[in-house]
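The values are calculated or read from the model by the stated rules, or taken from the named source; none is laboratory data. As the structure is a prediction and not an experimental result, all values here were calculated from the model. Cβ sites come from the backbone with ideal geometry, for glycine too, and all protein chains shown count toward neighbours. Please note that ligands, DNA and RNA were not included when accessible areas were found on the heavy atoms of the full protein model with its side chains. Shrake-Rupley method; radii C 1.70, N 1.55, O 1.52, S 1.80 Å.
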Amino acid sequence: MKLSNDGLKNRDQWLEKGYELPIYDIEKIKENTIKEPVWLHFGAGNLFRAFTAANQNKLLNEGKSNKGIIVAEGYDYEIIEKAYIPFDNLSLLVTLKPDGNIKKEVIGSVVSSLTADTSNKDDWDELKRIFKSPSLQMVSLTVTEKGYSIFNNDGEILPFVLNDLNKSYKDSQYFMGKLTALCYERFLNGSSPVALVSMDNCSENGIKLYNAVLFYAKKWVENKFMDEKFVDYLKDSAKVSFPCTMIDKITPRPNAFIKNSLKDDGFENSELIITEKNTYTSAFVNAEEPQYLVIEDNFPNGRPNLEESGVMFTDRKTVDKVERMKVCTCLNPLHTALAIFGCLLSYNSIADEMKDETLKLFVEKMAYEEGIKVVTDPIIINPSEFIKEVLEVRFPNPFLPDTPQRIATDTSQKIAIRFGETIKEYNNSNDLDVKQLKYIPLVIAGWCRYLMGIDDSGVKFELSSDPMLDSLKKHIGNIEMGSFNNISESLKPILSDEKLMGINLYEIGMGEIIETYFKEFIKGSGAIRETLNRYL
């Protein structure tokens, strides 16, 4: 059973093993899409394949669309070279249900895969052709929150961004620059309307995207590389829109157990792929069953009929409420709490953590006693039911191979949103007392303890990647287990950093509370679990 267009011709072999196959003409869909592209997606990772590509696959199978998706990767080109092209852009989605059942589905909706690399002439020319096409309705993105960064924490333009701005847009290297350059091609060739849709798991993603693209455009105009009317084109929402979205689906790295299970079926392409940029991928992607995608319905050139695949379209205010519900209170903060304490308590599975009565009770109290109090009900998704599904179905799913180490990646980029927003809501409320918060400060103290790279048994462990890791470790580096010397001096640069935390925690009386928790965490072996149990 080889994952390729030729390999799918022996349908009976796949069907006998329980695999679902495309029932549409893949070549015809490809022909339609290349001729008049409607949807281009940037970010060829697991979330795209497991969610948006699968949604379009559903529409194609039901005869509700005759177009597929073109995908481009702007950061790790090996994903295209090793996980798309060898398999004719097909992928295998393995859905891991809480009851142990597994759904295996071949996804054929991706008709072409490209590298968004200005030095790859063929692929770059094809991307320019797509952007010039009047038929193009939507350019979606899953490039991670880091992909929108323009400035460092000191407010200085990042070196690689500055390098782009000082030369022609035609030679851009950073993704946001490349996206802006492609939008300029559309502007120069008829100025057709289009929607740029961030589907990244971050707050106000559409606004982040708008600000990044507009920043590039203005700077290139100032440097005489672009026509000043291009800025007007981007600002005109009747021409270019930047809808906000909320996306939610857990898609862990390809798992060795799933790999072996597929291999036992006779599936020939189950090998795990690790790129030089440390991306974990494969011909298959494993994911949970629950999924949510809420999109602001603002598409100046029309849009694909994704509502027929379960996507919810609404206004920006509702998207904001849903996003804040999920990112700031009802899921992401709970995930980060489990990531931090999971690493410190030597867990390698989120599901296993949910069997730990201490950690299970901790995230339940954090959700129901602290987070839910500041949630504005978005109506289209019930917050209490959402939390219940997260804590009782999603996180405990033993068949979903997700790890605290994966979730702990880039925590410095998440703290301000996942915890800072709730802290600010409490601080600004007439009915709530920010000093009564207990579990959120414990998580922040836990993160500072995590940065020491020593678990609760006193054993060193490897910290997950984070763009601020080196600078954070400098502050924490002088702290020793069992010693309370210089705690305030070491933590103050972290806890007072408004960009990092979302608010200066000392100005609201929380910094000192976190210092106290931190001291309790470093008393010695077993102190973390002992401290959590005491406060629970």
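Quick check: from the Cα gyration tensor, does the range 117-209 come out rounded (a/c under 1.5), prolate or oblate? Oblate shape, in that a/c is at least 1.5 and b/c is the bigger or equal ratio.
In this structure the amide hydrogen of residue 269, modeled in the peptide plane, comes within under 5 Å of the amide hydrogens of 3, none closer than 5 places in sequence on its chain. Taken as Cα centroids, the range 1-62 and the range 454-511 sit 46 Å apart, rounded to the nearest whole angstrom. Taking amide hydrogens as placed 1.01 Å from N in the peptide plane, the amide H of residue 116 sits under 5 Å from those of 73, 74, each at least 5 positions away in sequence or on another chain.
At what distance in angstrom do the alpha carbon centres of the range 189-254 and the range 388-444 lie from each other? That distance is 28 Å.
Working note: Karplus 6.51/-1.76/1.60 with θ = phi - 60° gives the range 314-331 the couplings 7, 8, 5, 4, 5, 4, 4, 5, 5, 5, 5, 4, 7, 6, 9, 9, 8, 9 Hz, where Gly and Pro are set to x. For the range 314-360, the solvent-accessible area with a 1.4 angstrom probe is 30 square angstrom per residue. Its relative contact order, with pairs defined as Cα atoms under 8 Å and 6+ residues apart, puts the range 223-326 at 31 percent.
What the range 269-310 shows is 40 Å² of accessible area per residue, with the surface traced by a 1.4 Å probe over protein heavy atoms. Between the Cα long axis of helix 511-521 and the first principal axis of the chain there is an angle of about 80°, rounded to the nearest 10. For the chain, the C-alpha radius of gyration sits at 0.99 times the compact-globule guess of 2.2 N^0.38 Å, with N the residue count. Summarising the amide proton neighbourhood of residue 20: residues at separation of 5 or more, or on other chains, whose placed amide H is nearer than 5 Å comprise 104, 105, 106. Put simply, when 373-383, 246-256 are sorted by average Cβ atoms within 10 angstrom per residue, most first, you get 246-256, 373-383.
Accessible surface area normalised per residue over the range 89-164 is 39 Å², counting heavy atoms of protein chains with a 1.4 Å rolling probe.
Backbone geometry of the range 170-182 corresponds, through the Karplus equation with coefficients 6.51, -1.76 and 1.60 at θ = phi - 60°, to 3J(HN,Hα) couplings of 5, 10, 4, 10, 7, 4, 4, x, 5, 5, 4, 4, 5 Hz, x marking Gly and Pro.
Oblate is the label for the range 272-355, because the ratio a/c of its alpha-carbon gyration tensor axes (a ≥ b ≥ c) is 1.5 or higher and a/b is not greater than b/c.
Under the simplified labelling scheme, the residue 168-residue 483 pair shows an inter-label distance of 5.8 nm, with each label point 7 Å from Cα along Cα→Cβ.
Taking the longest Cα principal axis of the chain as reference, the axis of helix 26-35 is set at about 90 degrees. Applied to the range 474-490, the Karplus parametrisation 6.51 cos²θ - 1.76 cosθ + 1.60 on θ = phi - 60° returns per-residue 3J(HN,Hα) values of 5, 6, 7, x, 8, 7, 10, 4, x, 10, 9, 5, 6, 4, 4, 4, 6 Hz, with x for Gly and Pro. Assuming a ≥ b ≥ c are the square roots of the Cα gyration tensor eigenvalues, decide whether the range 22-106 counts as rounded (a/c under 1.5), prolate (otherwise, with a/b larger than b/c) or oblate. Verdict is oblate for the range 22-106. When a 1.4 Å probe is rolled over the protein heavy atoms, the share of accessible surface on the chain that falls to carbon and sulfur comes to 45 percent. Shown here for the range 487-524: GluC sites (Glu not before Pro) in loop regions (DSSP other than H, G, I, E, B) with at most 13 other Cβ atoms within 10 Å, namely 507. Counting only alpha carbon atoms, the long axis of helix 205-222 and the longest principal axis of the chain meet at about 70°. Helical content alone sets the calculated 222 nm signal of the chain at -11000 deg cm²/dmol, taking -39,500 (n - 2.57) per DSSP H segment of four or more residues and averaging over every residue.
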